[in-house]
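Scroll down for the structure; my scribbles are underneath it.
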Amino acid sequence: MRKKVLFISCMLLIVLAFGVIKYYNKDLSNKKVTIESKNEEEAKKIKAIDFKLVDINGKERTLSEFKGKKVFLNFWATWCGYCKTEMKDIQKLYDETKDKNIVILAVDVGESKDKVKDFIDNNKYTFTVLLDKDQEITKAYGIQGFPTTLFIDEEGYVYSGIQGGMSIDTMRRELFLK
């Protein structure tokens, strides 16, 4: 009986410790995406793939229309827990940067317009949400997990990427805001 109580107590402590670590270090699951290249110059200049997608209001948007601005390109889905958590910080980032030379594009992958629009409206998110219903753009970028965010410079080159949920501080750092 005493061993059983001791065992349960130890297990609870372990679970509690992992919870505390996860809470205080939200970016543990982030994986910096690196793009391999044959030479250093080529690695610095990876052209972002242009695309044409429809937003949740039915307007056609292209990546190239944002040339001259930094683009925060986030791939996500409504069923993704990390995506939902990250969305709150994306909205904060949008509120901070909407009057700056930064565009936030959140690309929902594979879901219906109605489902995505309901999710966005219910959470009062106001950044641009695009629909990649057939997942062609997601595949073209080689996205393999959600959320994944690519950071694109003013000239249309991908300069960084992170797979996994991010905090607002990581978002700011990747956009050189801090």
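The values are calculated or read from the model by the stated rules, or taken from the named source; none is laboratory data. Nothing here was measured: the structure is a model prediction, and the numbers come from that model. Virtual Cβ from ideal backbone geometry, glycine too; neighbours counted across all protein chains shown. With ligands, DNA and RNA removed, areas are computed over all heavy atoms of the protein, side chains included. Shrake-Rupley method; radii C 1.70, N 1.55, O 1.52, S 1.80 Å.
With Phe119, Phe146, Phe176 as the choices, which residue is farther than 21 Å from Ile49 by Cβ, aromatic (Phe, Trp, Tyr), touching a strand residue (DSSP E or B) at 6+ places or on another chain (Cβ under 9 Å) and in a loop (DSSP other than H, G, I, E, B)?
One residue alone meets the criteria, Phe176.
Kindly indicate which of Lys139, Lys124, Lys100 is assigned to a helix (DSSP H, G or I), free of Cβ contacts under 8 Å to residues at least 40 places away in the same chain and surrounded by fewer than 15 Cβ atoms within 10 Å (Cβ to Cβ).
Lys139
Could you please find all residues in region 142-158 being over 14 Å from Thr85 (Cα atoms), open to solvent by 30 Å² or more (accessible area, probe 1.4 Å) and either touching a residue at least 60 places away in the same chain (Cβ under 8 Å) or small (Gly, Ala, Ser) (or both)?
Selection gives Gly142, Asp153, Glu154, Glu155, Tyr157.
Out of the residues in region 68-79 that are farther than 15 Å from Asn123 by Cα and in a loop (DSSP other than H, G, I, E, B), state the one that is most open to solvent (accessible area, probe 1.4 Å).
Lys69
Of everything in region 127-136 that's without any contact (Cβ under 8 Å) to a residue 40 or more places away in the chain and surrounded by 12 or more Cβ atoms within 10 Å (Cβ to Cβ), which residue is nearest to Ile104 (Cα to Cα)?
Phe127
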